[in-house]
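Q: Here it is: the structure, laid out below.
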Amino acid sequence: GFLASKSNNIQEQLDIHIDFSNIRKEALLLKGEYIKSNNQKLKQKFLLMFNDAESILDNDFTPYSIDCISNTIINKLDVDELINKRRENYVFLLENLNNIEEIDIIFNRISDGVCPLFFPVYIKKDRDKFKKNLIEEKIYCPVHWPTSKQINITNYPLSRKIYDSILSIPCDQRYTKNDMKRIINIMNNYL
């Protein structure tokens with residue numbers, strides 16, 4: 001997160017939200033165990049914990065400081081390597097997915113200075129079925145922009161089309177070129 005203010009009334013020292021930090025830390029540890037063991041009971045547990053942590057943020061608008069573990073992790077990141085890896089993966093997906101008729105690539109080029117979070121696409125037909133198929137192949141593609149409960153989306157047909165078809169293909173620094181090839185092959189086989 002990022003905190004800014006037009007006035008200079010930002011506290012210099014913010015508290016850490018201990019409950020939020022502890023839930024997230026425990027959920028991440030369980031997720032790591034799940035990845036190693038594929039124990040489905042752990043998956044449901046860590047997903048519920050992540051949801052609980054997000055609920056804390058949804059209901060508490062007080063600014064907090066980052067916890068010590070997260071701060072240590074962030075300070076040890078090789079940011080240049082992270083950016084380069086994400087950009088390489090994005091470009092690889094772009095070069096290899098641009099001829100699939102069933103998807104629309106949202107950004108057909110990556111500008112200098114851009115570090116992608118994901119490779120966003122529009123799935124032209126039955127996004128949720130496509131996403132489920134990817135999950136069965138252990139590829140987890142989030143829908144980062146779900147329809148907001150506060151908006152009557154039927155009044156905004158273009159926005160509804162985006163909400164109903166957007167999908168984020170993973171391309172972050174954890175993934176290798178072989179991972180990108182696997183994603184491409186699975187997408188091609190399905191579509």
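The values are calculated or read from the model by the stated rules, or taken from the named source; none is laboratory data. The model shown is predicted, which means the values in this text are computed figures rather than measured ones. Neighbour counts run over all protein chains shown; Cβ positions are idealised from the backbone, glycine included. Quick note on the areas: whole protein, heavy atoms, side chains included, nothing else; ligands and nucleic acids left out. Shrake-Rupley method; radii C 1.70, N 1.55, O 1.52, S 1.80 Å.
Q: I want to verify a result. In a Gaussian network model of the chain, Cα cutoff 10 Å, which of these has the top mean-square fluctuation: Pro63, Pro142, Pro170?
A: Largest GNM mean-square fluctuation: Pro63.
Q: Quick check on packing: order 92-98, 56-62, 155-161 by the mean number of other C-beta atoms within 10 Å, highest mean leading.
A: Most protected by this proxy first, the peptides run 92-98, 155-161, 56-62.
Q: When all protein chains stay in place, what accessible area (Å², nearest 10, 1.4 Å probe) is found for Glu54?
A: Looks like 80 Å² after rounding.
Q: If you rank Cys68, Cys171 by how much accessible surface each has, with a 1.4 Å probe, what is the order from largest down?
A: Cys68, Cys171
Q: To the nearest 20 Debye, how big is the dipole of the chain about its Cα centre, given +1 on the beta carbon of each Lys and Arg and -1 on that of each Asp and Glu?
A: 640 debye
Q: Moving to a separate point now. When the accessible area of the stretch 72-191 is computed with all protein chains present and a 1.4 Å probe, what percentage of it is carbon and sulfur?
A: 49 percent
Q: I've got another one for you. Give the residue from Ser165, Ile153, Tyr140 lying farthest towards the positive end of the charge dipole for the stretch 130-173; charges sit on Cβ (+1 for Lys and Arg, -1 for Asp and Glu) and the dipole is referred to the Cα centre.
A: Ile153
Q: Size of the dipole of the stretch 114-171 about the Cα centre, Lys and Arg at +1 and Asp and Glu at -1 on the beta carbon, nothing else charged, in debye to 20?
A: The dipole magnitude comes to about 140 debye.
Q: All other residues with a Cβ under 14 Å from the Cβ of Ile16 taken together, and with Lys, Arg as +1 and Asp, Glu as -1, what is their net charge?
A: Around Ile16, the surrounding residues sum to -2.
Q: How high is the relative contact order of the stretch 120-191, in percent, with contacts defined as C-alpha pairs under 8 Å that are six or more residues apart?
A: Once divided by the residue count of the stretch 120-191, the mean separation gives 44 percent.
Q: Summing Lys, Arg as +1 and Asp, Glu as -1, what charge do residues with Cβ under 14 Å from the Cβ of Ile106 carry, Ile106 excluded?
A: Neighbour charge sum, excluding Ile106 itself: +3.
Q: Work out the count of Lys pairs in the stretch 78-165 where the Cα-Cα distance is under 18 Å, with the pair 8 or more places apart or on different chains.
A: Lysine pairs, 8 or more places apart or on different chains, close enough: 7.
Q: Tell me, how many Å apart are the Cα centres for the stretch 60-85 and for the stretch 117-140?
A: 28 Å
Q: Another question, then. Calculate, for the chain, the solvent-accessible area per residue in square angstrom, rolling a 1.4 angstrom probe over the heavy atoms of the protein chains.
A: The answer is 72 Å² per residue.
Q: OK, next. Nearest 500 deg cm²/dmol is fine: what mean residue ellipticity at 222 nm does the chain get from its DSSP H runs of n ≥ 4 alone, each adding -39,500 (n - 2.57), divided by its residue count?
A: -17000 deg cm²/dmol
Q: Taking Lys25 as the anchor, which aspartates and glutamates have their alpha carbon closer than 20 Å to its alpha carbon, excluding any fewer than eight residues away along the same chain?
A: Asp15, Glu33, Asp52, Glu54, Asp58, Asp60, Asp67
Q: Suppose each label sits 7 Å from its Cα in the direction of the beta carbon; what would the Ile153-Ser70 distance come out to in nanometres?
A: 2.7 nm
Q: How are the alpha carbon pair distances in the chain distributed across 5 Å bins from zero to the largest one, expressed in percent?
A: Spelled out bin by bin, the chain gives 1, 6, 11, 14, 16, 17, 16, 11, 5, 2, 0, 0 percent.
Q: Out of Glu81, Glu101, Glu33, any idea which swings most in a Gaussian network model of the chain, alpha carbons joined below 10 Å?
A: Glu33
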